[in-house]
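Novice: I'd like to ask some things about the structure below.
The values are calculated or read from the model by the stated rules, or taken from the named source; none is laboratory data. The shown structure was predicted, so the numbers you read here are calculated from the model rather than taken from an experiment. Using ideal geometry, Cβ is built from the backbone for each residue, glycine included, and neighbour counts are taken over all protein chains shown.
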Amino acid sequence: MTEMEHPAVLELEQVVKKYPVSGGELTAVNGVSITVRQGETVAIVGESGCGKSTLVRMTAGIEPVTEGRIRVLGKEVSSPGKQLSRQEWQKLRREVQLVLQNPSGAVSPRMRIGRFMREPFVNWHLCSRGEMDSKIEALLERVELDTTVLGKFPHQLSGGELQRVVIARALAVSPSLLICDEPTSALDVSVQAQVIDLLERLRREQGMAMLFISHDLALMGNFADRIVVMYLGNIVEELPASQLRQAVHPYTKALLDAVFQIGKKDFSVLDGDPPGPLQMPAGCPFYSRCPVSSSACERTPVPMREYGNGHRAACLKVKESVPVSH
Ligand SMILES: Nc1ncnc2c1ncn2[C@@H]1O[C@H](COP(=O)(O)OP(=O)(O)O)[C@@H](O)[C@H]1O
Ligand SMILES: [Mg+2]
């Protein structure tokens with residue numbers, strides 16, 4: 001994949017987010033750089049509290065960054081002390097659509113689905129009134145729903161159906177980037193796979209970029225092009241999904257071990273607790289739970305090393321790094 005063929009849709013450059021809290025400052029995101037190119041699916045994976053949703057909110061212009069820069073389609077949407085005006089966002093918002101964990105939060109409980117689906121067409125003047133119904137019908141077809149949902153209220157649909165409606169509406173504006181923040185974790189296990197299959201098919205058909213937030217590394221290994229692993233606000237490793245088994249960071253490896261131990265598909269197999277986000281360690285954030293850490297890891301800031309083919313990791317214990325060749 002070359003830069004010439006695939007322009008960047010989203011660029012995060014050394015993004016930091018700090019929240020003032022009683023007793024100090026909480027660092028939710030600590031110097032994160034990610035690029036998502038046209039047509040590419042990038043998954044951000046990590047435990048609860050590692051800063052995934054904070055990244056999403058900054059990218060969607062809901063919150064400003066504390067440090068660093070975020071660009072969407074080359075346009076800066078957030079840098080310290082500066083956010084886009086409402087009008088500027090209005091233009092860009094169309095390009096970045098969100099699908100969040102809980103679909104019922106996206107639809108007003110008193111609004112019929114039909115009105116919810118018409119909103120983007122009206123707001124952005126996407127087509128004439130006469131064309132609207134057939135466009136909406138086509139969108140519903142793409143998410144495998146029929147038009148009977150249009151007369152219903154949100155509570156009359158299942159969680160899976162409602163999430164399909166939210167996805168259909170997000171697609172109405174043909175976004176350049178679809179951000180999905182744990183879109184299946186509030187749904188019944190039985191429908192989670194269906195929604196993932198649907199998103200997989202849509203991303204192939206639509207050719208849009210996708211930023212997919214998940215805590216399920218194994219699932220993302222099959223779904224994404226690239227995987228970014230976060231721990232306590234930091235990227236610890238980034239690699240092509242096809243090379244997941246070649247992960248080098250002890251945290252990624254621990255996640256993989258957890259996944260491939262049948263019946264232990266959660267992260268509790270890791271020993272120890274993450275340090276509180278109020279005390280960001282000077283060295284490696286994973287130090288306190290790492291099976292191979294030494295005292296140097298605690299004190300020394302860990303540089304990101306390149307392992308070729310877009311694989312990078314921040315671990316002092318992994319020696320065989322290779323310089324990037326361009
Ligand atoms: N508005 C806020 N004020 C203070 N702390 C916050 C706020 N939003 C998130 N945090 C904290 O930032 C960290 C990252 O949270 P979040 O981005 O929601 O993680 P994730 O989505 O990975 O579970 C957590 O420690 C969380 O408690
Ligand atoms: Mg979250």
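Novice: Return yes or no: is residue 210 modelled with pLDDT of 95 or more and surrounded by 15 or more Cβ atoms within 10 Å (Cβ to Cβ)?
Specialist: The answer is yes for residue 210.
Novice: Now, a different point. Residue by residue through segment 137-169, note down the ones that are hydrophobic (A, V, I, L, M, F, W, C), in contact (Cβ under 8 Å) with a residue 12 or more places away in the chain, over 18 Å from residue 111 (Cα atoms) and in a helix (DSSP H, G or I).
Specialist: Across segment 137-169, the qualifying residue is only 139.
Novice: OK, next. Checking the conditions here, which among 56, 21, 29, 45 is of a type in the set (A, V, I, L, M, F, W, C), within 14 Å of ligand 1 (Cβ to nearest atom), modelled with pLDDT of 90 or more and more than 18 Å from residue 211 (Cβ to Cβ)?
Specialist: Result: 21 is the single residue among 56, 21, 29, 45 that is of a type in the set (A, V, I, L, M, F, W, C), within 14 Å of ligand 1 (Cβ to nearest atom), modelled with pLDDT of 90 or more and more than 18 Å from residue 211 (Cβ to Cβ).
Novice: Restricting to segment 67-87, give me the number of residues that are farther than 19 Å from residue 178 by Cα, more than 19 Å from the chain's Cα centre (by Cα) and not hydrophobic (A, V, I, L, M, F, W, C).
Specialist: 9
Novice: Something else about it: Based on this model, can you work out whether residue 126 counts as in contact (Cβ under 8 Å) with a residue 24 or more places away in the chain and over 18 Å from residue 199 (Cα atoms)?
Specialist: Answer is yes for this residue.
Novice: Determine which member of the set 298, 306 is surrounded by fewer than 19 Cβ atoms within 10 Å (Cβ to Cβ), free of Cβ contacts under 8 Å to residues at least 60 places away in the same chain and within 26 Å of the chain's Cα centre (by Cα).
Specialist: So the residue among 298, 306 that is surrounded by fewer than 19 Cβ atoms within 10 Å (Cβ to Cβ), free of Cβ contacts under 8 Å to residues at least 60 places away in the same chain and within 26 Å of the chain's Cα centre (by Cα) is 306.
Novice: Look through 174, 134 and report the one residue that is over 22 Å from residue 108 (Cβ atoms), at pLDDT 95 or above and not acidic (Asp, Glu).
Specialist: Only one candidate passes the filter, namely 134.
Novice: Confirm whether residue 37 is under 22 Å from residue 173 (Cα atoms) and either within 16 Å of ligand 1 (Cβ to nearest atom) or at pLDDT below 90 (or both).
Specialist: no
Novice: Please work out if residue 44 is under 24 Å from residue 168 (Cα atoms), surrounded by fewer than 19 Cβ atoms within 10 Å (Cβ to Cβ) and among the β-branched types (Val, Ile, Thr).
Specialist: Spelling it out, it is not the case that residue 44 is under 24 Å from residue 168 (Cα atoms), surrounded by fewer than 19 Cβ atoms within 10 Å (Cβ to Cβ) and among the β-branched types (Val, Ile, Thr).
Novice: Suppose the filter is in contact with a helix residue (DSSP H, G or I) (Cβ under 7 Å, 6 or more places away or on another chain) and surrounded by fewer than 17 Cβ atoms within 10 Å (Cβ to Cβ); does residue 114 pass it?
Specialist: In short, yes.
Novice: Continuing with the same structure: Suppose we filter segment 140-156 for residues that are of a type in the set (Val, Ile, Thr) and at pLDDT below 95; how many remain?
Specialist: Residues that pass the stated criteria total 1.
Novice: Tell me which residues, restricted to segment 182-216, are touching a strand residue (DSSP E or B) at 6+ places or on another chain (Cβ under 7 Å) and within 16 Å of ligand 1 (Cβ to nearest atom).
Specialist: Once the filter is applied, which keeps residues that are touching a strand residue (DSSP E or B) at 6+ places or on another chain (Cβ under 7 Å) and within 16 Å of ligand 1 (Cβ to nearest atom), segment 182-216 yields 182, 183, 211, 212, 213, 214, 215.
Novice: Among the residues of segment 178-234, which ones are of a type outside the set (A, V, I, L, M, F, W, C) and in a loop (DSSP other than H, G, I, E, B)?
Specialist: Scanning segment 178-234 gives 182, 183, 184, 185, 188, 207, 215, 216, 225, 233.
Novice: Restricting to segment 18-71, what's the tally of residues that are within 13 Å of ligand 2 (Cβ to nearest atom), among the basic types (Lys, Arg) and touching a strand residue (DSSP E or B) at 6+ places or on another chain (Cβ under 7 Å)?
Specialist: Selection size over segment 18-71: 1.
Novice: I've got another one for you. I'd like to know if segment 183-192 contains one or more residues that are under 20 Å from the mean Cα position of the chain (by Cα), modelled with pLDDT of 95 or more and β-branched (Val, Ile, Thr).
Specialist: no
Novice: Residues in segment 62-73: is at least one among the hydroxyl-bearing types (Ser, Thr, Tyr) and touching a Leu at 6+ places or on another chain (Cβ under 8 Å)?
Specialist: No, the conditions are met nowhere in segment 62-73.
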